[in-house]
Amino acid sequence: MPTEVDNKKRVDSLFTDWTDLFTRYKNDANLFNLVKLYQHVLDVNDTEIANSIYIVLNDPAVFAWRVESALNSAIEQVVVTSDSKRFDTAYVEGFIRVAYKAGDKLLALKGLNPLNPFLDQQNFRRGSEAVRFWFHIATAAEIKQGYMKGELVPDILPWDTGYFVCANDNKGLALTGYKTTRSKDKILTEHPEAVNVKEGTEIEVLYILTREVSELWISGEQVKKLPNLLGYVPVVYRRVPVGSMLLDKESIKYRGESGLFLLRDLIPELNRLVSISQSLNLQELDHALQLRKPKDSFTPDGANIPTVDEATKPGTVNEVELPGGYDKMPIGELRAQADLLHKMIQERVDRVMSNFQNFPAPRTATEILALSQEQDITTLPRLANRGLLKQDGAGMINKQTNAECENSGIREF
């Protein structure tokens, strides 16, 4: 007998192998979400400098909003072709449109976002997209939740690729793993059979799909394992064809690049330059002072000599010996260099972002692709990626619906 495959072990190994990619996802998300990682400016040793402030500019969020708004405005066209003149392509085209609309309605009932905006954000911020398609006759559990017996459930579930792994063979997807965290109440709503789940709000849920089985793991324990009667993995996964296509060991973190791949290192430096400027401005508002006095009036052994941080703290008055004292080094040249660097970085950031200052909307997908080519922006591969996924998804929907119509029984996978 063949040895049973340990799918959990395979998925765990993939999550480990993709660690660098997940780190990139996290770092990009921090930039897009304007997360303030520091309270003070960092020096060359990444140590926070006292008496400084750190400012996060909103450029990445504005850039994302403009690009994603343009992508969202794309008007899709469904076209079905056939060699047979008797084949009613219009009927199939209408069915595909209705199928995706029904899928969006179900997503809304679940409290989730519509498919297209989710995919556009995934393609821009992650550089990849994944969706599970499962059009099926209502299962016994779903009938208990209110579905009619024999009702078709248009289950389209987009997955965040920041928590997704997969493995391919020469027939396509052979294995997928999707790992998220949820509360106990949410888990019990979706999986009533998970009666032994412990209390908590961040409980790990792992969903594994192969051509043979589907598995549900909660907190590292297998809760459910069912045969996959479809015979294939009902998931479409696509990476944006931007970034590294090399086979170097470390190149995985450069595959399927996000919209920030040209700016990833420039944005933090721009934030640092602005933060330094504002920190200096605040010091000028309440500048540290020098109080010149005779040497014999100083505290013995220099006990009252402040540290650098104390002496430069706004509002500080420092004692210095007559007739001299300590003066700041001239920083005019340093300021000039900082201004030059700021200009260089800002020009490069604007070169990427400014294309969407006045991007017209709404537009058809074809028009947006044409404008993308003219303006040398990163929209084209991301819009095309969404189209390819939905094209593959439409084929999967047709295949699953035909299979369910032929099988009047209720089945699960």
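The values are calculated or read from the model by the stated rules, or taken from the named source; none is laboratory data. What you see is a predicted model; the values in this text were computed from it and never measured. A quick note on method: Cβ atoms are made from the backbone with ideal geometry, for glycine too, and the neighbour counts reach across all protein chains shown. Ligands, DNA and RNA are stripped out before the accessible areas are found, and what is left, the full protein with its side chains, is counted by its heavy atoms. Shrake-Rupley method; radii C 1.70, N 1.55, O 1.52, S 1.80 Å.
Taking N51, is it more than 30 Å from G395 (Cα to Cα), in a loop (DSSP other than H, G, I, E, B), open to solvent by less than 60 Å² (accessible area, probe 1.4 Å) and not aromatic (F, W, Y)? Talk me through it step by step, then tell me what you get.
Working: more than 30 Å from G395 (Cα to Cα): yes; in a loop (DSSP other than H, G, I, E, B): yes; open to solvent by less than 60 Å² (accessible area, probe 1.4 Å): yes; not aromatic (F, W, Y): yes.
Yes; evaluated as a whole, the condition is true for this residue.
Go over the candidates G111, G127 one by one and state the one that is open to solvent by less than 60 Å² (accessible area, probe 1.4 Å) and at positive phi.
Details: G111 fails: open to solvent by less than 60 Å² (accessible area, probe 1.4 Å).
The conditions single out G127.
Taking into account only those residues within segment 35-48 that are part of a loop (DSSP other than H, G, I, E, B) and within 22 Å of E284 (Cα to Cα), which is most open to solvent (accessible area, probe 1.4 Å)? Let's see the steps before the verdict.
At the first step, the residues of segment 35-48 found to be part of a loop (DSSP other than H, G, I, E, B) are 35-41, 43-47.
Now drop any that are not within 22 Å of E284 (Cα to Cα), which leaves 39-41, 43.
On the way: Q39: 108, H40: 60, V41: 6, D43: 49 Å².
Selected residue: Q39.
Considering only residues of segment 168-180 that are over 20 Å from A394 (Cβ atoms) and polar (S, T, N, Q), which is surrounded by the fewest Cβ atoms within 10 Å (Cβ to Cβ)?
Here the answer is N170.
Quick grid of which residues meet (1) under 22 Å from F15 (Cβ atoms); (2) not charged (D, E, K, R):
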site: Y178; (1), (2): yes, yes
site: V205; (1), (2): yes, yes
site: I218; (1), (2): yes, yes
site: E221; (1), (2): yes, no
site: P241; (1), (2): no, yes
site: K249; (1), (2): yes, no
site: L262; (1), (2): no, yes
site: Q278; (1), (2): no, yes
site: L285; (1), (2): no, yes
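Pull up segment 141-164, narrow it to residues that are over 17 Å from L389 (Cα atoms) and of a type in the set (V, I, T), then point me to the one that is modelled with the lowest pLDDT.
Selected residue: I143.
Testing V242 on (1) of a type in the set (A, V, I, L, M); (2) without any contact (Cβ under 8 Å) to a residue 60 or more places away in the chain; (3) not in a strand (DSSP E or B), one condition comes back false. Which one is that?
Of the numbered conditions (1) of a type in the set (A, V, I, L, M); (2) without any contact (Cβ under 8 Å) to a residue 60 or more places away in the chain; (3) not in a strand (DSSP E or B), the odd one out for V242 is (2).
For segment 155-167: of the residues being open to solvent by 20 Å² or more (accessible area, probe 1.4 Å) and in contact with a strand residue (DSSP E or B) (Cβ under 6 Å, 6 or more places away or on another chain), which is farthest from K101 (Cα to Cα)?
Looking at residues that are open to solvent by 20 Å² or more (accessible area, probe 1.4 Å) and in contact with a strand residue (DSSP E or B) (Cβ under 6 Å, 6 or more places away or on another chain), I get A167.
Which condition breaks for L273 when tested against (1) closer than 25 Å to R382 by Cβ; (2) surrounded by 15 or more Cβ atoms within 10 Å (Cβ to Cβ)?
The failed condition is (1).
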